[in-house]
1. Of the residues A65, A61, A5, A13, which is small (G, A, S), free of Cβ contacts under 8 Å to residues at least 40 places away in the same chain and buried (at least 19 other Cβ atoms within 10 Å of the Cβ)?
2. Kindly indicate which of Q153, Q160, Q176 is of a type outside the set (A, V, I, L, M, F, W, C), surrounded by fewer than 17 Cβ atoms within 10 Å (Cβ to Cβ) and at positive phi.
3. Looking at R250, R276 in this structure, which one is surrounded by 15 or more Cβ atoms within 10 Å (Cβ to Cβ), of a type in the set (K, R) and over 18 Å from the mean Cα position of the chain (by Cα)?
4. Does region 212-234 contain any residue that is free of Cβ contacts under 8 Å to residues at least 12 places away in the same chain, out of contact with any helix residue (DSSP H, G or I) (no Cβ under 7 Å at 6 or more places or on another chain) and either closer than 17 Å to R179 by Cα or among the hydrophobic types (A, V, I, L, M, F, W, C) (or both)?
5. Restricting attention to region 247-266, does a residue exist that is small (G, A, S), closer than 28 Å to C35 by Cα and not in a loop (DSSP other than H, G, I, E, B)?
6. Taking region 81-107 on its own, how many of its residues are farther than 29 Å from D38 by Cβ and in contact with a helix residue (DSSP H, G or I) (Cβ under 9 Å, 6 or more places away or on another chain)?
7. Quick one: in region 117-138, which of the residues that are at pLDDT 95 or above and assigned to a loop (DSSP other than H, G, I, E, B) is surrounded by the fewest Cβ atoms within 10 Å (Cβ to Cβ)?
8. For residues in region 254-273 being under 21 Å from Y237 (Cα atoms) and in contact with a His (Cβ under 9 Å, 6 or more places away or on another chain), which is surrounded by the fewest Cβ atoms within 10 Å (Cβ to Cβ)?
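The values are calculated or read from the model by the stated rules, or taken from the named source; none is laboratory data. Just so it is clear, the structure is predicted and the values come from calculations on it, not from any experiment. Here the Cβ positions follow ideal geometry from the backbone for every residue, glycine too, while neighbour counts run over all protein chains shown.
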Amino acid sequence: MLIRAQSPSAADALVLVSELQARFVEGLERVSSVCGHDVSFDKAEWLRDSGQHGGGNRYTAAESAMFNRASVNVSQVHYDDLPEKKLGSATAISTIIHPQNPHAPSVHIHISWTEMKVASDDSTKGYWRIMADLNPSVDHGEYRDKFERCMQQAAPANYQEAAAQGDRYFYIPALQRHRGVTHFYLESYATEDATADRDFAELFGKRVIDSYLEILQSALAAYPDAGDDARAQQLAYHTLYLFQVLTLDRGTTSGLLVHDQNDLGIMGSLPARVNRDLLASWQGRMIAPQDELVSKLVQCLPDESPSPVGDDVKLSLAETVRNHYKKNPEALSMQASGNVIAPTVDNHR
């Protein structure tokens with residue numbers, strides 16, 4: 001049985017992220033139908049400690065002519081019965097959509113509410129993490145500009161700071177480039193007006209979801225056919241995406257280190273296929289011990305061209321990343337960050 005967090009603010013945050021999840025899933029199915037594809041999302045659930053400390057669900061679509069990989073996840077973990085834990089609860093929506101058509105950009109959106117049991121001198125009791133970034137395989141400036149304008153309009157007072165943090169977080173030093181083309185990242189966001197903060201998180205989530213749905217439908221209408229060059233660009237970009245997520249993304253690593261009960265959900269952002277040889281070629285650009293991590297990631301992938309990333313591979317990759325940072329905890333300092341590094345793993349201890 002899944003037990004929810006007792007905190008009223010955690011309950012409200014769960015309503016918020018669940019409504020955003022429904023909005024996005026319904027919108028994706030609607031766009032799929034308009035574009036001539038019969039796509040429906042399936043629901044899967046997971047439990048943290050058999051539900052004693054929460055859990056979550058994810059809506060996923062099977063690979064098709066519409067989606068390479070699509071996952072819309074909601075989770076809530078809490079420690080109401082464990083007074084020694086610093087964390088009260090963590091409630092989140094995290095979603096990644098990789099369209100099959102390389103002219104339609106991928107998108108990543110994450111909105112979460114974290115509530116501590118006691119406020120410390122240097123932090124509030126609760127705070128939001130708000131992220132959105134557009135990730136094209138083939139860059140079309142009009143889609144980048146549209147998504148960027150949406151974020152500017154949804155967060156006029158915070159956009160400059162969030163864009164700067166996002167550009168810092170999603171930069172890949174080894175490849176000297178960013179993962180996406182426009183980024184938004186607010187970490188540990190809280191003002192003195194908790195209601196306004198909650199309303200801002202909701203508004204931002206709705207705006208970026210609606211903007212992406214418009215971009216997706218427009219791209220599929222404008223580019224119904226993808227040539228070989230575009231598909232080659234997509235495979236290379238999907239390889240870069242996997243590389244960034246598994247070697248730099250602090251949120252992914254933190255989730256894997258906290259527990260192993262939702263590895264498929266955490267790995268839901270990985271595209272369906274990558275270029276194994278291209279990934280291997282980047283090992284020499286990494287400093288120790290991250291070069292060792294890349295080598296082991298390559299070993300997890302089937303020796304095929306392209307290399308499929310199925311559920312068994314995702315589980316192997318998750319365990320590889322988890323074991324690497326348990327063996328090399330100092331390597332956590334090499335991971336991406338904005339202006340603030342939230343102590344996510346410590347909060348769960």
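1. Values: A65 fails: buried (at least 19 other Cβ atoms within 10 Å of the Cβ); A5 fails: free of Cβ contacts under 8 Å to residues at least 40 places away in the same chain; A13 fails: free of Cβ contacts under 8 Å to residues at least 40 places away in the same chain.
Sole residue among the options that is small (G, A, S), free of Cβ contacts under 8 Å to residues at least 40 places away in the same chain and buried (at least 19 other Cβ atoms within 10 Å of the Cβ): A61.
2. Working: Q153 fails: at positive phi; Q160 fails: at positive phi.
From the options Q153, Q160, Q176, the qualifying one is Q176.
3. On the way: R250 fails: over 18 Å from the mean Cα position of the chain (by Cα).
Among R250, R276, only R276 is surrounded by 15 or more Cβ atoms within 10 Å (Cβ to Cβ), of a type in the set (K, R) and over 18 Å from the mean Cα position of the chain (by Cα).
4. Checked region 212-234: at least one residue is free of Cβ contacts under 8 Å to residues at least 12 places away in the same chain, out of contact with any helix residue (DSSP H, G or I) (no Cβ under 7 Å at 6 or more places or on another chain) and either closer than 17 Å to R179 by Cα or among the hydrophobic types (A, V, I, L, M, F, W, C) (or both).
5. Quick first cut of region 247-266, residues small (G, A, S) only: 251, 254-255, 265.
Narrowing the set further to residues that are closer than 28 Å to C35 by Cα leaves 265.
Checking which are not in a loop (DSSP other than H, G, I, E, B) leaves us with 265.
Yes, that holds for at least one residue.
6. The number of residues fulfilling the criteria is 8.
7. Out of the qualifying residues, it is V138.
8. Taking region 254-273 first, the residues under 21 Å from Y237 (Cα atoms) are 266-273.
With in contact with a His (Cβ under 9 Å, 6 or more places away or on another chain) added as a condition, the list becomes 269-273.
On the way: S269: 26, L270: 23, P271: 23, A272: 15, R273: 23.
Here the residue is A272.
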